[in-house]
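Below is one structure, written out as structure tokens, with a few remarks after it.
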Protein chains: 2
Amino acid sequence: MASLAESGWTRTTVATVAARAGVSRGAAQHHFPTRGDLVMAALKHMTKVRLAGLRTGQAVPPEGSDRTRWALDQLVGLYTGTLFTAALHVWTEAAVDAGLRAQVIPLERTLAWAAYRLAVALLDVDGEDPRVRAIVSGTLDLARGLGLANVLTDDAMRRSRVLDAWAEQLDQALARLRD
Amino acid sequence: MASLAESGWTRTTVATVAARAGVSRGAAQHHFPTRGDLVMAALKHMTKVRLAGLRTGQAVPPEGSDRTRWALDQLVGLYTGTLFTAALHVWTEAAVDAGLRAQVIPLERTLAWAAYRLAVALLDVDGEDPRVRAIVSGTLDLARGLGLANVLTDDAMRRSRVLDAWAEQLDQALARLRD
């Protein structure tokens, strides 16, 4: 994932990753015959670790903090940093490589569903309600869009203002649904 | 842009684009010495044309339609289709190529500002109000996130539900600001 984020798809091969990991190219190739095999295995593993970490911490917003605003920061964290940048390289390559796309689409569905369940838990809302679904699903789209805006430049200040405003809208929308 | 969207950065060169356009490689190279020169010129030109088209049509939401929902469709249109997919290939390459990044960052700033002014005009709101700015800026992030979700699979049905819900929230938020 670090190699993808730093060097992109073209310059991330089984050989370059093996060299970076300090293992022989033969050993790496034994486990991962193609770049697609290696990248997809790493992406699945790292995403699973990240989501599990967020689920473990999900019940504990810091004392005195606004739960919604805190939840938004957790969700946006999924779409910023090395793992998101690496995934962006894979997604972009998959747009022009049908073989890779066939591997990425099922993973994308799994991740979208895991992110949705996480968001519902963090926000403490009823994920079965279709009105909640549209709002929480849109919140994840916002987080993804903020992540993409952060790839080339540090967008943290603008993002913080957008999330403050979004948290307020979200609280009012969810309060209306509870009435 | 079509070559980038269909084939990606690596397989879009001055030579392949010249062949596709039916001009000699020498003629193309005379005007655009490097792939970066060619791609950035095409991206700037096509984006300018697209934004100008949207500005021309901005005052005329179809009779009887909901203005906000219509505006959201126009804005999401900026982040779906060939031009967005092409731009995604350029942005992703720029993440790992400092020379290209130096060209892309000023263009990104110009486009972000143009998209903001367009959104303010389409929604008919006061773009100078910092509270409006946070909400409208977030709306563009949502649109970008929806665009990214649409690159590998057709996401139109889910997107439509998300935009219905956001149009409702946006109307209520903007009404509160007008009070």
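The values are calculated or read from the model by the stated rules, or taken from the named source; none is laboratory data. Computed from a prediction, not measured in an experiment: that's the story for all the values here. Glycine also receives a Cβ, built like all others from the backbone with ideal geometry; neighbour counts cover every protein chain displayed.
For the stretch A:70-81, a residue qualifies if it is under 18 Å from B:THR92 (Cα atoms) and either assigned to a helix (DSSP H, G or I) or facing chain B (nearest Cβ under 10 Å) (or both), and exactly one does: A:TYR79.
Here's the yes/no breakdown for (1) acidic (Asp, Glu); (2) within 24 Å of A:VAL96 (Cα to Cα); (3) more than 14 Å from chain B (Cβ to nearest Cβ):
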position: A:ALA2; (1), (2), (3): no, yes, no
position: A:VAL14; (1), (2), (3): no, yes, yes
position: A:VAL17; (1), (2), (3): no, yes, yes
position: A:HIS30; (1), (2), (3): no, no, yes
position: A:VAL39; (1), (2), (3): no, yes, yes
position: A:MET46; (1), (2), (3): no, yes, yes
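Only residues that are more than 19 Å from A:SER3 (Cα to Cα) and in a helix (DSSP H, G or I) were counted in the stretch A:49-69, giving 9. Of all the criteria given as (1) assigned to a helix (DSSP H, G or I); (2) within 14 Å of chain A (Cβ to nearest Cβ), the one not satisfied by B:VAL96 is (1).
Picking from B:ALA112, B:ALA143, B:ALA175, which residue would you name as being assigned to a helix (DSSP H, G or I), free of Cβ contacts under 8 Å to residues at least 60 places away in the same chain, of a type in the set (Gly, Ala, Ser) and closer than 20 Å to B:ALA52 by Cα? Even if it seems obvious, please write down each step before you answer.
On the way: B:ALA143 fails: free of Cβ contacts under 8 Å to residues at least 60 places away in the same chain; B:ALA175 fails: closer than 20 Å to B:ALA52 by Cα.
Result of the check over B:ALA112, B:ALA143, B:ALA175: B:ALA112.
Of the numbered criteria (1) within 8 Å of chain A (Cβ to nearest Cβ); (2) without any contact (Cβ under 8 Å) to a residue 24 or more places away in the chain, the one B:PRO62 fails is (1). The listed residues are A:ARG161, A:ARG133, and the only one of them that is surrounded by fewer than 17 Cβ atoms within 10 Å (Cβ to Cβ) and either more than 9 Å from chain B (Cβ to nearest Cβ) or more than 23 Å from B:THR82 (Cα to Cα) (or both) turns out to be A:ARG161. When A:GLU108 is tested against (1) exposed (fewer than 14 other Cβ atoms within 10 Å of the Cβ); (2) within 30 Å of A:ARG11 (Cβ to Cβ); (3) of a type outside the set (S, T, N, Q); (4) at pLDDT below 95, only condition (1) is not met.
Scanning the stretch A:39-80 for residues that are more than 18 Å from A:TYR116 (Cβ to Cβ), modelled with pLDDT of 85 or more and touching a Lys or Arg at 6+ places or on another chain (Cβ under 9 Å) turns up just one, A:THR80. Just one residue in the set B:ALA19, B:ALA27, B:ALA2, B:ALA41 is over 30 Å from B:LEU123 (Cβ atoms), of a type in the set (A, V, I, L, M, F, W, C), surrounded by fewer than 18 Cβ atoms within 10 Å (Cβ to Cβ) and touching a residue at least 24 places away in the same chain (Cβ under 8 Å); that residue is B:ALA2.
Which count do you get for residues in the stretch A:115-140 that are without any contact (Cβ under 8 Å) to a residue 24 or more places away in the chain and among the polar types (S, T, N, Q)?
Summing the residues that are without any contact (Cβ under 8 Å) to a residue 24 or more places away in the chain and among the polar types (S, T, N, Q) in the stretch A:115-140 gives 1.
The set of residues from the stretch A:115-130 being within 14 Å of another protein chain (Cβ to nearest Cβ), more than 20 Å from A:GLY53 (Cα to Cα) and either among the charged types (D, E, K, R) or within 13 Å of the chain's Cα centre (by Cα) (or both) comprises just one member, A:ASP129.
All conditions in (1) touching a Ser or Thr at 6+ places or on another chain (Cβ under 9 Å); (2) buried (at least 19 other Cβ atoms within 10 Å of the Cβ); (3) assigned to a helix (DSSP H, G or I) hold for A:PHE84, with the sole exception of (1). Taken together, the residues in the stretch B:146-167 that are free of Cβ contacts under 8 Å to residues at least 24 places away in the same chain and of a type in the set (Val, Ile, Thr) amount to 2. Taking the criterion of being at the interface with chain A (Cβ under 7 Å from one of its Cβ atoms) and not hydrophobic (A, V, I, L, M, F, W, C), the residues of the stretch B:136-150 that qualify are B:SER137, B:GLY138, B:ASP141, B:ARG144, B:GLY145. Any residue at all in the stretch B:84-107 that's in contact (Cβ under 8 Å) with a residue 12 or more places away in the chain, under 21 Å from B:LEU170 (Cα atoms) and of a type in the set (A, V, I, L, M, F, W, C)? No, because not a single residue in the stretch B:84-107 is in contact (Cβ under 8 Å) with a residue 12 or more places away in the chain, under 21 Å from B:LEU170 (Cα atoms) and of a type in the set (A, V, I, L, M, F, W, C). Only one of the numbered conditions (1) at pLDDT 95 or above; (2) more than 19 Å from B:LEU142 (Cβ to Cβ); (3) facing another protein chain (nearest Cβ under 8 Å) is violated by A:THR153, and that is (1).
For the stretch A:15-37, the condition holds for no residue, the condition being that it is closer than 26 Å to A:ALA149 by Cα, out of contact with any Asp or Glu (no Cβ under 8 Å at 6 or more places or on another chain) and part of a helix (DSSP H, G or I).
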